[in-house]
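Note sheet for the following structure.
The values are calculated or read from the model by the stated rules, or taken from the named source; none is laboratory data. Predicted model, so just to flag it, every value in this text is computed and none were measured. Note that each Cβ is placed from the backbone with ideal geometry, even for glycine, and that neighbours are counted across all protein chains shown.
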């Protein structure tokens, strides 16, 4: 499916995630919404790539989608408040995960410094 150019767009940058909200046009010249999550990943060599996930929301679903989204977000705020309590969202967070550490971006540190060299003859 070839997507037409955006008619109206907004961007939300949230750490290493970026959310794109785009109004697009159908072949019948009606509008629908796409929401794209783009997440940045760093490769071992320092280069990076993005993974994207997209959902399409059509006008006939707007009211129910909006109702459920509002209900779910209100529930979370009512139950937990609006303060972010996840350690991963703290800038200086580094967590041990089964002997391995996560980077500040929440990615698994793939350094081999803590590995033990084992030779097959030893087994």
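Some values worked out for this structure:
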quantity	calculated
Lone unmet requirement of (1) out of contact with any strand residue (DSSP E or B) (no Cβ under 6 Å at 6 or more places or on another chain); (2) surrounded by 10 or more Cβ atoms within 10 Å (Cβ to Cβ) for residue 82	(2)
Test result for residue 39, at pLDDT 55 or above and either in contact with a helix residue (DSSP H, G or I) (Cβ under 7 Å, 6 or more places away or on another chain) or surrounded by fewer than 10 Cβ atoms within 10 Å (Cβ to Cβ) (or both)	no
Matching residues, the range 42-60, being farther than 17 Å from residue 23 by Cα and within 19 Å of the chain's Cα centre (by Cα)	42, 43, 47, 48, 49, 50, 51, 52
Any chance residue 94 is surrounded by 10 or more Cβ atoms within 10 Å (Cβ to Cβ) and either modelled with pLDDT of 95 or more or not in a loop (DSSP other than H, G, I, E, B) (or both)	no
Criterion violated by residue 57 - all others in (1) farther than 20 Å from residue 6 by Cα; (2) in contact with a helix residue (DSSP H, G or I) (Cβ under 6 Å, 6 or more places away or on another chain) satisfied	(1)
So residue 113, is it modelled with pLDDT under 95 and exposed (fewer than 12 other Cβ atoms within 10 Å of the Cβ)	yes
Residue within the range 54-67 that is part of a strand (DSSP E or B), surrounded by fewer than 12 Cβ atoms within 10 Å (Cβ to Cβ) and at pLDDT 95 or above present	yes
